[in-house]
Each structure stands twice: as C-alpha cells, then as structure tokens.
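Notes follow the structure.
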Amino acid sequence: MWREIVFWLCAAGSVITGVAVFRVDSMARATFALLASFLFAAGTVLLVDLTYLGVLVILMMIMEMVIMVVFMLMYMMNPAGLMPMTMVHNQKGSLAIAIGTFAVLATGIYLIDWPTSSAPQPEDPTMALGEALMGPKMLMMIVLGLALFATIVATVVLATHRGRYDRYGDRLDRDRPDDPVRGGVGR
Amino acid sequence: MDGMQLAGGVPMAGRADDRDGLTLDQLHVPLGPLLPLWPPGLVVRTKLQGDVIQQAAVEVLGIGDARGDAFWLRPGRPLKARWLDASAALLAIAGWADAAAVARRLRDQVLTGTPQAEIAGPIRRWGRQVRRSRTLPWLLTGVGQVPDKPSTPRALAGDALTRLYRWVDSLADPKTSVAPPDVADGTPWAVDVLPSVLEGCELATARLIVASLDLDTDMLTVCEAHHG
Amino acid sequence: MVETTAWGVLLLPVILGLFAVGAAAFDATLAARAAGVAAPRSAALAPLRSAAGLLVQQRRRTLAADTLLWRAAGMVLLVAAVLASLVTPLGQWAVGDLSAGVVWFNAMEIVAWAAVWLAGWGANSAFGLVGGYRFVAQGLAYELPHMFVLTTAALGAGSLRVADIVAAQQDLWFVVWMPVAFAVYLLSVLAMAFAGPFNHAVSSDVAGGVLAELSGVDRLVFVAGRWVLLVSGAAMAVPLFLGGGSGPLLPDWLWTLVKTALVLAALVWAGRRVPTIRMERFEEISWMVLIPATLLQALFVSLVVI
Amino acid sequence: MSLQEYLLLAAALFSVGLYGALSQQSIVMIMMGLELMINAVIVGGAAFWYFTAPDRPDGQVVIVLAITAMAIEMAAGFAVTTAVFRARDVDMTDMAADLKG
C-alpha cells in the first residue's frame, strides 16, 4: 500500500517538475527543476528494488545538473535569473506532437497484453547486473567504455582553442607551458 | 527574446572578447572602498568575465582632505609593526587564520611597547613557522608578479611570496627592530602599477595581490601634501 | 551483523548535532589559542553564542535575489548531510543498511555541490557566485579520487554494503593495507565539507564567498549543514577503514564514537595548519597525482583480493 | 504499482521531453528535453525488469546504457555548443542552421 502511495507521489512529482523545466523563467530554476524530476524518477526506480541503479541515477544526475547549470549561465546570462523570457519556436506544433505521442503511447500501454513473469527475483539484483556486465554483456561494457573515452577526447578537442603549439611554442621546446593560469604541479 | 524588463533594476551585462576566445558577458564589480583586510579608501573598478578580471581601474578615495598625517608615520610606530601588520593581512587572505592571528598579536605587542628582548623570540618562532610551510610557496608563487624595472621599489619587487618572505626575514633581522618608519613608501608606485598587475587575474587573486603590495592609503595623502 | 533500527531515525540527528557542536567548539578553541586569548573555555562556547546570535538576527536582503533557491540551499545541505550518515553503522546498529550503502553515501555528499552552488547563486552577488563556481570546480577535482577510494574499500570487502565492509575487517583493518586510500579519503572529506584548507568556496579572499551574503537563520542552517557534513564524512571513515566498532574492552558503539571523535579532531586540527588551497592549483594535483595514486591502490587491492 | 502505471509515467516523461526538444531554441534547453526523454527510458527499463523479467538482467543493462548515453549526450552537447559559440557567437539552433537544405 505505502509503495503505491510513494509511487504516485514520485510519478506526479516527476512529471510536474518535468513540465516546470520549460515553464519557469530562470535557467537556474529550470536546471534544478530537471534535477528534481530525475530524483523523483530515481525514487520510482528505488521502489522496484533496484537500489544500486536508483542511487546511481541520483548521484549521476546531481553531478550532471550542477555542471549543466554552469554552462547554462555561461551562454545565457540573465541577472539573478528572474527576468521573464521565452525562447521557443513552433510551440503549438510541438505541443500537438507531444500530446499526440502521449496519447498513442498511453493507448498502446493499455491495449497491449504485457507478458508477466513469475520468475523469482535474484537475491541481489546488483550482483546479477555486475555478472551480466562482466559476463554475457561484456562486449557492451567494452563499447560503452570506448564510447566514454572517445567522448572525453572529442569534447576536449571541440571545446578548447589552445593546442600544444600554443602552450609549448612552435617547436614544442618550452620548458613550462604558457598558460593564462599556472597549475599546481609546478611544470 | 521579448520583454527586456530588468530584474531588480540590474541592467543586462554587456559582452566583450575574453581570454578564452568566448565572447562572454561582462560584469562590473567594484572592490572596496570598505572590505575587511583591504586598504581603506582604495577602490578597484573591475570588469569581470567569469571571475577573470579583464580590466581594472584604481582610484583612491579621500586624498586631499586628510591632515597629512599617516598612522605608520606617527612616533612609536616602528617599521616592525608595519611588516607584521602587512604579513597578518596577507596570511589572513591566504586563508591561514592561525598564523595571521599570531602576527596580529605580535603587532599589538610591538605597538604597546613590549621590550625587544621579550618579543624577539616569539617573532622568530612565528617567522620560522611561516617559512617552513610548504603549501604557502606552492600557493603564492607567481601571484602578483610586478614588472622588473629600475623604477621598481626594492621592497616590492618579485611576487607575493618573495614580498612576504622579505617581511619575515627583515623581522628576524635585529636592525629592523630599531628602524624608524619609512617615508619613502612604495604605495604611489604600487597604485600606478596595480591595474596592469590585476588584469588577467582571477577575482580572488586580486585581493591577495593588493594585500601583498602593502598599500598604505594614508601615505598617499602624505605624498600629496609633500609635493603640494 | 548490522541491524537496522527505526528509532535511530530520531537519534541520528542528535548524535550528528552533538558531534558538529563539539567540532565547532574544538575549532574555536584552537583559533583562540592561536590568537593568544587567555580563557579557552569561554572560546569553546563561541559557536553556541554565535548560533544564538544568528537565530535572532534579521535576514539581510540583496537586490534581485532568487530567494526560493537561496533558502532551499541551506536546508538541502543540512538534510543531505544527515542522510549521508543513514548507512553509517554505530556499533551494531544502522538506520538503514542499503545494499548499495557506499554509493548512497557518495550520492548524498554530492548533494552539497548543488547546495553550495545554489547558496552562491541565490544571493545575486558576484562574490557568492564566484564561491559557488569554485566549489563546483573543487568538486570535479576531488570527486574522482574520492569515488575511487570508496570503490577500493568496497573492493576489499567485495560488497557495496557497509556492514559487509566492516565484517571484512575483522582480522585486519583496511587502513593498514590501503594507507593511500585512507589518506585520500580524509583529504576528500575535508574538501567535500569545504572545511580546513579546502574552504576555497567560503574563503576570505572572496570576502566569504558563498557565505558573504547569508545571514540570520539561513546562515546558521548552512553553517550547521557544513559541520554535519564534515562529521558524516569523519564517521564514515570508521566503518570503511578503521574496522567499525571493533576494539578491546569497550562496547562496539562506544568504540565507533571514540574513533569518529578522533578522526574528526584530527581533521579539524589539520585543517587549521594549512592556508586555503586554491583550486586552480589543486585541480592539477588531483588529476596528475591523486587519481593515478588511487587507481594504483585500487589495482593493488584487487590483485590481493583475487 | 503495475507495469502499466510505470509505462504511463515513462510515456508522460517522454512526451514532456519531446515537447521541450521540439519547441526550445536554445541548444542547452533542447538538451534538457533530450535528457527528460532518456529519463523515461530509465523508468521504462526498471519497470520491464521488475514486472516482466526479474530473473534476467537485461532491464538493468538498459538503465546502465541510458545513464551512459545521458552523460555522453551532455558532454558532447556542451562541447559542440562551446565550439559553435566560439566560432559563430550563437547559442540558438535557428541561427546555426547552415545545414538547412
């Protein structure tokens, strides 16, 4: 019973704050509304006994949103974030598409006869996940790791405008790099 | 972006080129005239992008209406107390509250006329503690490096760390203890050079730099009075 | 081995609060000793006095502040700091013994990022915002080493459950064979609670940073949250590295309290010995020194475990 | 709690995210919409695992995949925004519509 109540609270919270993301005036509030939406959604994940994944979602989302808010303000400065603003195009069309999608999905959800399983839950879902990732799903894990590594390299290349020739001189012969701010290792 | 009302009357920030090649918003932030551990009357008007100072203009309020009387020039104010005072401010801004507290206590003892024999030991102990710290050089090296020109006052050459070490060393020197206050002060020079040193620094480093230059705004008034 | 107790929900905030007050008092005493104040006993009461002062102080307002987010910041910090200790066992009892306890602890600590940033943002002051951004930068610097260290402890026990980690230390405390991990853990706990040398977000070179404009009850809640966060971090060091409640003569729960107090005191004392570490310098240390060191430690531990 | 209720929640989150991704102009706001859509995947993955196949870890793997996708999407998105901003001084999609046929 209490699970039912918590689920509906989390679900309502998640959708309401999700809508709020596109309704509030300030970038900071929008980001933290999105964070709230993620946290509520993580609550529903916790309800189905996925402790590790639920907590992981909480952890990742807080980090991501805090980083997001930095970029947000960098590109969309807005004093104290309290100035009303709208930056939308084709609002009516988008709304129609979104509502249409929801209607189709909802009908599908209630028309399809979903399979049910009486299979027992594993003792420790986290253990099952870990064994899957390190066993049959190893290939996926490797691809994920490679993708993450590629992302790190690609993002740094895209985002920075100073290469090593800027830092170490045209012949790469400078002893210490010419950076606007010096680092801590003393190079 | 319709509806450009201003939030709380604060105008939208303007934009300009910056260090990282991103044209970001500029923010005008005045530092001073009244901040803790800040030379009274000094105002630094900064243009910030992010927390990097793109441009700084220095102004000293209240020159001209003073009495030509500087705190550190009055009799019974040995140079030693002034160095302790400057070190205390720099250490406090660098976030070493305990060493700063000791320096402040020693300064008060010097000013109230504690005999030389009694205070030399504690000052030496404090100086050793400051010089022994290995994080301090790591944090202060390269902060507030002033241009190395013939006109640079000897007392202000180098960066924040060399200046702090110079104070600490001269405090350990027995000759300093009897030295009279110095009228030939570096403050006018420091005020001139400050904008160029501050440009490209981070907002927080600005306070370290100002503290390390040991500006005495009273002294400016005195200089003004001397030169008419 | 660890049982969960419902009434612990009520007891936990009290214990954390007492520790936080004790730590603040110890900090004030050290400060008074450095300043040469004659009566250290009255200095120990200084935190309580200033707390009472903040309670009756009227809130200062700033122009165009985002009041909702600003107020929320302190509460979020305090609540997350208490929740972080939810999985920390006191002897044999814990409020909640999650199967992913270590991850939960880390997630609650990360909440501080959001809280500190919000506190800096809400005030609409340049100093506050600079402080908030610094904390995000600091977070990026210490979080990876911290996460690797937590993983190392979990690796040693083969479980993310805190109770299993304690049980795995029956013969040998983890601190003995994971000294690097323990040291980095303490470092990152200080950084996380923006205490000691890592108080760059609230340091005096930005006129108090995030704290610059906070006043009254808001400030009290925020500062309390910060102390509780430090306590939570110190308390977690005990089950992770110091064998939990194991020890001769005294009962489990008392040993836990004693060890927590010792770790906390060491952190507060060490924090006062070093000037504020500026983030632009620490960032490089973290990436070039701490991360490789913790990774090597993790590799060593996993080799031993296998 | 039933599979349908969970999927309804996922559908709602997905639709809200879709609306945001379609209607917003700022790159950053579009990314928020995308994140909401991935969030729906997480909820759906958890529900499918719990209600239809708890004995197999596939649902959990989907969640891991979604979390990673989110991180990559965000990092890449911001890098592109930074590059576009540096080169063209715009952060809106309408202004960066070079590829429009």
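The values are calculated or read from the model by the stated rules, or taken from the named source; none is laboratory data. Since this is a predicted model, take the numbers as computed values, not measurements. Reconstructed Cβ throughout: ideal geometry from the backbone, glycine too, with neighbour counts over all protein chains shown. Surface areas here come from the heavy atoms of the whole protein model, side chains and all, with no ligands, DNA or RNA. Shrake-Rupley method; radii C 1.70, N 1.55, O 1.52, S 1.80 Å.
For A:Ala98, neighbours were defined as the other residues whose beta-carbon sits under 15 Å from its Cβ, and their charges (Lys and Arg +1, Asp and Glu -1) total +2. Hey, what angle do you get for helix D:27-51 against the long axis of chain D, alpha-carbon based, 0 to 90 degrees rounded to 10? The angle comes out near 10 degrees.
Taking every protein chain into account, the accessible area of the range D:3-89 amounts to 27 square angstrom per residue (probe 1.4 Å). Other residues whose C-beta falls under 15 angstrom from the C-beta of D:Ser2 contribute a net charge of -2, scoring Lys and Arg +1 and Asp and Glu -1. Our coupling estimate for the range C:285-295, obtained by passing each phi through the Karplus curve with A = 6.51, B = -1.76, C = 1.60 and θ = phi - 60°, is 4, 4, 7, 8, 10, 5, 5, x, 4, 5, 5 Hz, Gly and Pro reported as x. Note on chain C: with neighbouring protein chains present and a 1.4 Å probe, carbon and sulfur make up 72 percent of its accessible heavy-atom surface. With the whole protein complex present, A:Glu131 retains an accessible surface near 120 Å², based on a 1.4 Å probe.
FRET efficiency for the C:Leu48 to A:Ile152 pair, using the beta carbon distance and R₀ = 35 Å, is estimated at 0.15.
Peptide D:77-87 is shielded by partner chain Cβ atoms: per residue, an average of 6 of them sit within 10 Å of its Cβ.
Association of chains A and D removes close to 6600 square angstrom of accessible area from solvent, both sides included, for a probe radius of 1.4 Å. In this structure chain C gives 38 Å² per residue of accessible area when probed at 1.4 Å with all protein chains present.
Highest mean packing comes first when the peptides A:4-14, B:203-213 are listed by Cβ atoms within 10 Å, giving B:203-213, A:4-14. Think of it as helices only: each DSSP H run of n ≥ 4 in chain C is worth -39500 (n - 2.57), and spread over all residues that comes to -23000 deg cm²/dmol at 222 nm. For the chain pair C and B, buried accessible area totals roughly 2300 Å², probe 1.4 Å, rounded to the nearest 100.
Applied to the range B:78-93, the Karplus parametrisation 6.51 cos²θ - 1.76 cosθ + 1.60 on θ = phi - 60° returns per-residue 3J(HN,Hα) values of x, 4, 4, 5, 5, 5, 4, 4, 5, 4, 4, 5, 5, 5, 5, 6 Hz, with x for Gly and Pro. Chain C against chain A buries an accessible area of about 2600 Å², both chains summed, 1.4 Å probe radius. Taking every DSSP helix (H) stretch of at least 4 residues in chain D, weighting each as -39,500 (n - 2.57) and dividing the sum by the residue count yields a mean residue ellipticity at 222 nm of -27000 deg cm²/dmol. A Förster radius of 30 Å combined with the Cβ-Cβ distance from B:Leu34 to A:Arg162 puts the calculated FRET efficiency at roughly 0.15. Expressed as a whole percent, the accessible surface of the range D:3-89 that belongs to carbon and sulfur atoms is 71, based on a 1.4 Å probe. Rounded, prolate or oblate for the range C:234-306? Axes are the square roots of the Cα gyration tensor eigenvalues, ordered a ≥ b ≥ c, and the cut-off for rounded is a/c under 1.5. Because a/c hits 1.5 or more and a/b fails to exceed b/c, the range C:234-306 counts as oblate.
For the range D:66-76, backbone phi angles converted through the Karplus equation (6.51, -1.76, 1.60; θ = phi - 60°) give residue-by-residue couplings of 5, 4, 5, 4, 4, 4, 5, 4, 5, 4, 5 Hz, Gly and Pro being listed as x.
Net charge in the neighbourhood of B:Glu118 (other residues with Cβ under 14 Å of its Cβ; Lys, Arg +1, Asp, Glu -1) is +3. Computed from Cα positions, the angle between helix C:252-273 and the longest principal axis of chain C comes to roughly 50 degrees.
For the range A:1-83, carbon and sulfur atoms together expose 74% of the accessible surface, with a 1.4 angstrom probe and every protein chain in place. The mean accessible area for residues of the range A:123-179, using a 1.4 Å probe and ignoring ligands and nucleic acids, is 74 Å² per residue.
With N as its number of residues, the range D:1-74 has a Cα radius of gyration that, divided by 2.2 N^0.38 Å, comes to 1.17.
Which shape class applies to the range A:1-83: rounded if a/c is under 1.5, otherwise prolate when a/b exceeds b/c and oblate if not, where a ≥ b ≥ c are the square roots of the Cα gyration tensor eigenvalues? Note, shape of the range A:1-83 comes out oblate.
Computed with every protein chain present, the accessible area of C:Arg272 is close to 40 Å² [probe 1.4 Å]. Rounded to the nearest 20 debye, the dipole size of chain C about its Cα centre is 960 debye, using +1 on the Cβ of Lys and Arg and -1 on the Cβ of Asp and Glu.
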